[in-house]
Amino acid sequence: MAGFKLDCVLFDLDGTLVDTAPDLIACLNKTLLAHGFFEAPSETVRPFISHGALAMIKHCAQVDEVLGEQMLNFMLDAYQNNIAEHSRFFQGMAENLAAIEGLGLKWGVVTNKRSRFTLPLMDAMQLTDRAACIISGDTTGNSKPHPEPMLAACNQAAVAPQNCVYIGDAIHDITAGKRANMKTLAALYGYLKSDDQPHTWGADALIEHPPQLMEWINANLCH
């Protein structure tokens, strides 16, 4: 790409860098049972993970605002105490990070996940000291799709937005990246809903599985 000099690869966290679904769904089901609802099958809940815990709850149970808030707090407390019991890198992603570092590029995380969960998860995955930036949903005044978290990540990593690529599995990821003047990649292997249309999001490329990320990076490096 003319005029594009890749300096930094930025990742969404849940559904892009790390498969957190097993832990999130386990805590959701614990919450549902504790409040008199049936457990939910993983495959029906997984697509709602990128939209937050409350969206997961509302998909599984008809709740009013008060009960919804009670269940949300219960679920988040359970999750904080079981942050990385079963969460793992998506297959090939650990190798991607090593390859990115091997190329001398920076990488970081921009997520809407709150810092009380982001930071312990990054620690558990042994990523904290490797990341050039870690921006959570409550790090800045606005969260994605607003560009503010993306720009904060660039400031923390000391890179220019136009020299970054952001990969995420939801439309708000791509929107935020584009608004910050970054290249964007849609992670099709993530937590997409059946009615999502990632080909309409305006991403620079669609990534069907993690190894394709390095193919895109190598193709767009200034050699």
Task: Test: residue in segment 188-201 that is of a type in the set (G, A, S), within 19 Å of N163 (Cα to Cα) and in the same structural domain as L105 (by TED's automatic domain parsing) - done: no
Open item on the list: Can you go through S87, S115 and tell me which one is closer than 30 Å to V165 by Cα, among the polar types (S, T, N, Q) and free of Cβ contacts under 8 Å to residues at least 40 places away in the same chain?
Closed with: S115
- [ ] Can you tell me which residue within segment 145-181, out of those that are assigned to a loop (DSSP other than H, G, I, E, B), touching a residue at least 40 places away in the same chain (Cβ under 8 Å) and within 16 Å of the chain's Cα centre (by Cα), is surrounded by the most Cβ atoms within 10 Å (Cβ to Cβ)?
- [x] A170
TODO: Taking only segment 104-116 into account, find how many residues are in a loop (DSSP other than H, G, I, E, B) and surrounded by 15 or more Cβ atoms within 10 Å (Cβ to Cβ).
DONE: 5
- [ ] Give the residue, chosen from I100, I134, that is touching a residue at least 40 places away in the same chain (Cβ under 8 Å) and outside any loop (DSSP other than H, G, I, E, B).
- [x] I100
Open item on the list: Condition first: within 30 Å of Q162 (Cα to Cα), in contact with a Phe, Trp or Tyr (Cβ under 7 Å, 6 or more places away or on another chain), assigned to a helix (DSSP H, G or I) and not assigned by TED's automatic domain parsing to the domain that holds M182. Can you find one or more residues in segment 49-64 that meet it?
Closed with: yes
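The values are calculated or read from the model by the stated rules, or taken from the named source; none is laboratory data. Because the structure is predicted, anything quoted here is derived from the model rather than measured. Neighbour counts are summed over all protein chains in view; Cβ atoms, including those assigned to glycine, are modelled from backbone coordinates with ideal geometry.
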